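Here is the structure we will look at.
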Amino acid sequence: MTKAVFTVRDGRIVEVAVEGHTGYAAAGEDIVCAAVSAVIQGAVLGVMEVAGAEVAYATNERKGTLRMALSDGQAEQVTHDAEVILRTALKALEDIAEGYSQFVKVEVKEL
């Protein structure tokens, strides 16, 4: 099971943490895991490279974890752009979880 947690503070996503392997199929053949990975890794790249946000970012491929937290005090435009990207990723992962609920769980946690 893959679990994605989007942490929200003051109405904005400030952190994303994803952990676990979906277990839908064997490694290298797991289309659900590939979809989740593509969505979240694309979002992280977008936040960092397109929005230009400063983040704390860590992964562990063996454990299947990824964590990205936005740094405080960024320009409003950067924060806005990062939010659009992360909300899009959230919606995409919710859609995947809807079709594969045994393998993917998405949670939004308010601070």
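Readers should treat all values here as calculations from the given coordinates under stated rules, not as data from a laboratory. Given the structure is predicted, the values throughout are model-derived calculations rather than measurements. Don't worry about glycine lacking a Cβ; one is built from the backbone with ideal geometry, like all the others, and counts go over all protein chains shown.
Only one entry of Met68, Met48 meets the criterion of being surrounded by 11 or more Cβ atoms within 10 Å (Cβ to Cβ) and closer than 15 Å to Thr7 by Cα, and that entry is Met68.
If you check Glu49 against the conditions, is it acidic (Asp, Glu) and in a helix (DSSP H, G or I)?
Working: acidic (Asp, Glu): yes; in a helix (DSSP H, G or I): yes.
Criteria met by Glu49.
Checking the range 75-95 against the condition returns a match, with at least one residue being assigned to a helix (DSSP H, G or I), at negative phi, basic (Lys, Arg) and free of Cβ contacts under 8 Å to residues at least 12 places away in the same chain.
When every residue of the range 26-36 is checked against the conditions, none turns out to be more than 14 Å from the chain's Cα centre (by Cα) and part of a strand (DSSP E or B). Applying a threshold of 7 Å to beta carbon distances and a minimum spacing of six or more residues, or different chains, the list of pairs starting in the range 48-61 at a residue that is over 20 Å from Thr88 (Cα atoms) and free of Cβ contacts under 8 Å to residues at least 60 places away in the same chain and ending at one that is surrounded by 13 or more Cβ atoms within 10 Å (Cβ to Cβ) and among the β-branched types (Val, Ile, Thr) reads Thr59/Thr65.
Considering the range 96-111 alone, what residues qualify as being in contact (Cβ under 8 Å) with a residue 60 or more places away in the chain and either loosely packed, with under 14 Cβ neighbours inside 10 Å or in a loop (DSSP other than H, G, I, E, B) (or both)? Result: Tyr100, Gln102, Phe103, Glu107, Val108, Lys109, Glu110, Leu111.
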